[in-house]
Amino acid sequence: MSRLNEHCAIVTGAGAGIGRAIAQRLASEGAKVVVNDLSLQAAEETVAVIARAGGQAHAVRGDVSDQADVERAFGFCEKHWGNCSLLVNNAGIVQQTRFADMEVADWDRMIAVHLRGCFLGCRRAVGPMRERGSGVIINIASQLGQIGGVELVHYSAAKAGMIGLTKALAREVSSEGVRVNAVAPGPINTELVMALSDSWRAAKASELPLGRFGEPEDVAATVAFLASEDARIYVGQVLGPNSGDVML
Ligand SMILES: NC(=O)c1ccc[n+]([C@@H]2O[C@H](COP(=O)([O-])OP(=O)(O)OC[C@H]3O[C@@H](n4cnc5c(N)ncnc54)[C@H](O)[C@@H]3O)[C@@H](O)[C@H]2O)c1
């Protein structure tokens, strides 16, 4: 498959879980991929997996909430491969806390990684994309940004913010050739979900119409579709690979 061989992609938080699966899938469809992660070692492991499969990728360590780090990822892409034509804002963290116990620092970090990180990436990507008249941005939100999650006020607010950002930005730039969409996964088997309580996971699994959590590859397939020309009329949409948990 080579649906994406024109693309120079940046995938944030691609050292593990969903981001790694997205990077692998985009590379398998021909994209060159900058693999960002807080952990250089994790990013390099993703690059090694992609290289073994014959794909092209490069690791760039960085914190998505840090403007200089974001600049480094785009700088690498532009220097070696050309302008970033496909940005996937995926990096994320989770922390379960009752609202009464939520520290201001907990709130600030959650908003910084998800919402500021998404803003910084989009802000850096959009200028060159508009100039070229083409580009794709995909923001990995969560269904909890649509329905709210128990003991996850900060996470849910950050993800709802990413959905609002996606829609507003899509309205502003789609006429200039830049397509912006979001993906709002349900529970997916990754380390992030393992950080939630056993009782949360058991209760969640029992209420899913499909009866099971998704896999990172399920989200990656949704991202690859949105990145491709098959999705050329998708603008400001929020797609839900979620085992039927949320039906909007
Ligand atoms: N797993 C799920 O059930 C689920 C459901 C809905 C949405 N999501 C979202 O999907 C995305 C990926 O989640 P995952 O389950 O793969 O998580 P994960 O914990 O398995 O992987 C997240 C990766 O992001 C990296 N990261 C964290 N903070 C970063 C930062 N500031 N800058 C750069 N990299 C950073 C981590 O080092 C890690 O490699 C997140 O945005 C998450 O909120 C996950």
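For the chain, the share of alpha carbon pairs falling in successive 10 Å distance bins from zero is 8, 34, 38, 17, 3, 0 percent. Taking the centroid of alpha carbons for each part, the stretch 54-68 and the stretch 228-246 are 25 Å apart.
In the stretch 105-248, Cα pairs under 8 Å separated by at least six residues give a relative contact order of 27 percent. In terms of overall dimensions, the stretch 79-169 has a Cα radius of gyration and Dmax of 14.9, 48 angstrom. For the stretch 1-154, relative contact order (Cα pairs under 8 Å, six or more residues apart, normalised by length) works out to 23 percent. Carbon-plus-sulfur fraction of the accessible area of the stretch 1-97, 1.4 Å probe, in percent? Using a 1.4 Å probe with all protein chains present, the stretch 1-97 comes out at 48 percent carbon and sulfur.
Cross-link partners for Lys204 among the lysines, with Cα-Cα distance under 27 Å and sequence neighbours closer than 8 places in the same chain left out: Lys159. The label-point distance for Asp230 and Val150, in a model that sets each label 7 Å from Cα toward Cβ, rounds to 3.6 nm. Here's how it looks for Ala59: its modeled amide H is under 5 Å from those of Val35, which are all 5 or more places away or on a different chain. Taking the Cα atoms of the stretch 128-248, the ratio Rg/Rh between the radius of gyration and the Kirkwood radius comes to 1.02.
A crude spin-label estimate for the pair Asn83 and Arg98, with each label 7 Å from Cα along the Cβ direction, gives 5.2 nm. Calculated FRET efficiency, Ala202 to Gln56, Cβ-Cβ distance, R0 = 25 Å: about 0.05 to the nearest 0.05. FRET efficiency for Arg132 and Leu248, Cβ-Cβ distance as r, R0 = 25 Å, nearest 0.05? FRET efficiency, Arg132 to Leu248: 0.15.
The values are calculated or read from the model by the stated rules, or taken from the named source; none is laboratory data. Please read all numbers here as calculations on a predicted model, not as lab measurements. Here the Cβ is made from the backbone with ideal geometry for all residues, glycine too, and neighbour counts use every protein chain on show. Side chains are part of the model used for accessible areas, which takes the heavy atoms of the whole protein and leaves out ligands, DNA and RNA. Shrake-Rupley method; radii C 1.70, N 1.55, O 1.52, S 1.80 Å.
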